[in-house]
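This report refers to the structure that appears directly beneath it.
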Amino acid sequence: MLAVKTDNLSRRFGETVAVDRLNLEVEQGGIFGLVGPDGAGKTTTIRMLAGILDPTSGRGQVFENDIVGQAEQLKRQIGYMSQRFGLYEDLTVIENIDFYADIYCVGRQERPERIERLLAFAGLAPFKKRLARDLSGGMKQKLGLACALVHTPRLLFLDEPTNGVDPVSRRDFWQLLYQLLRDNVTIVFSTAYLDEAERCGTVALMHKGRLLRCDDPGAIRKDRKAATLEEAFISIIDDFEHNKS
């Protein structure tokens, strides 16, 4: 069963087409990258797939749940971490996780063990009583990830989670994602960093709301005879713009 499937998924904001007839298939159990510059449509795509934003036209399914008609059912199966994750600065690390456990209706009996496991997983156990506002940028991202995982989702949507984070924290964050793969969590990860896209099993290259190519990074580089994914992406965009004119 596919984790995500879309059929001509589109979203307009007035006259602006943010996502234009997007067709995607995301297999379970890997890291799928939505890759592109600002304005490519990555955030809008994730917000639609997470049941937060209704499409203007087209359809989408997450674990066979319709993203519009069955949004509440799919929200129980997914975790979502936005670009600016909603941490509460005046709460401690453990209070933030506990708050999200309340939101996701995590039972009181299993909660203590689950929270301790998440603290250990994210390397936040020594800082569990520290206020969120006193955390570094990288630690805030790890806390955001722990909050998104508190209800044990099958699919994790991460919208540019490493944007503005230092290289060491980015590396640590990716190590956490690789650990999640061992638990068969599917990850849909958006980024403008082409070096990060190389880490994904499959990437969807987006530009101005359109899907230009979807394949594994190695196949895209090989097809374009490019040394890096960045070179390949620039080549693909150049072809796209040339064909439009």
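Quick notes on this structure:
- Residue in segment 29-43 that is assigned to a strand (DSSP E or B) and out of contact with any strand residue (DSSP E or B) (no Cβ under 9 Å at 6 or more places or on another chain) present: no
- Residue in segment 68-78 that is in a loop (DSSP other than H, G, I, E, B) and within 17 Å of the chain's Cα centre (by Cα) present: yes
- H207 passes every criterion in (1) within 18 Å of T43 (Cβ to Cβ); (2) out of contact with any Gly (no Cβ under 7 Å at 6 or more places or on another chain); (3) not polar (S, T, N, Q) apart from (2).
- S136 vs. criteria buried (at least 17 other Cβ atoms within 10 Å of the Cβ) and either under 19 Å from V188 (Cβ atoms) or of a type in the set (S, T, Y) (or both): no
- Candidates are the residues of segment 1-28 that are in a strand (DSSP E or B) and of a type in the set (A, V, I, L, M); the one that is farthest from the chain's Cα centre (by Cα) is V17.
- Extreme residue, nearest to the chain's Cα centre (by Cα), among residues of segment 157-193 that are part of a loop (DSSP other than H, G, I, E, B) and more than 15 Å from T43 (Cα to Cα): V185
- Of all residues in segment 104-125, those being in contact with a Lys or Arg (Cβ under 7 Å, 6 or more places away or on another chain), on the phi < 0 side of the Ramachandran plot and part of a loop (DSSP other than H, G, I, E, B) number 3.
Okay, residues lined up against (1) in contact with a Leu (Cβ under 6 Å, 6 or more places away or on another chain); (2) surrounded by 14 or more Cβ atoms within 10 Å (Cβ to Cβ); (3) modelled with pLDDT of 95 or more; (4) not hydrophobic (A, V, I, L, M, F, W, C):
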residue: P161; (1), (2), (3), (4): no, yes, no, yes
residue: L181; (1), (2), (3), (4): no, yes, no, no
residue: A192; (1), (2), (3), (4): no, yes, no, no
residue: E198; (1), (2), (3), (4): yes, yes, no, yes
residue: T202; (1), (2), (3), (4): no, yes, yes, yes
residue: L212; (1), (2), (3), (4): yes, yes, yes, no
residue: F240; (1), (2), (3), (4): yes, yes, no, no
residue: N243; (1), (2), (3), (4): no, no, no, yes
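- Within segment 58-96, the residues that satisfy the criterion of being hydrophobic (A, V, I, L, M, F, W, C), buried (at least 18 other Cβ atoms within 10 Å of the Cβ) and touching a residue at least 40 places away in the same chain (Cβ under 8 Å) are V62, F63, I78, M81, F85, L87, V93.
- Filtering segment 117-129 for residues that are closer than 24 Å to A3 by Cα, buried (at least 18 other Cβ atoms within 10 Å of the Cβ) and free of Cβ contacts under 8 Å to residues at least 60 places away in the same chain leaves a non-empty set.
- Subset of segment 194-218 that is among the hydrophobic types (A, V, I, L, M, F, W, C) and outside any strand (DSSP E or B) - its residue that is farthest from L156 (Cα to Cα): L194
The values are calculated or read from the model by the stated rules, or taken from the named source; none is laboratory data. This is a predicted model, so every value here is computed, not measured. With ideal geometry, Cβ positions are generated from the backbone for all residues, glycine too; neighbour counts draw on all protein chains shown.
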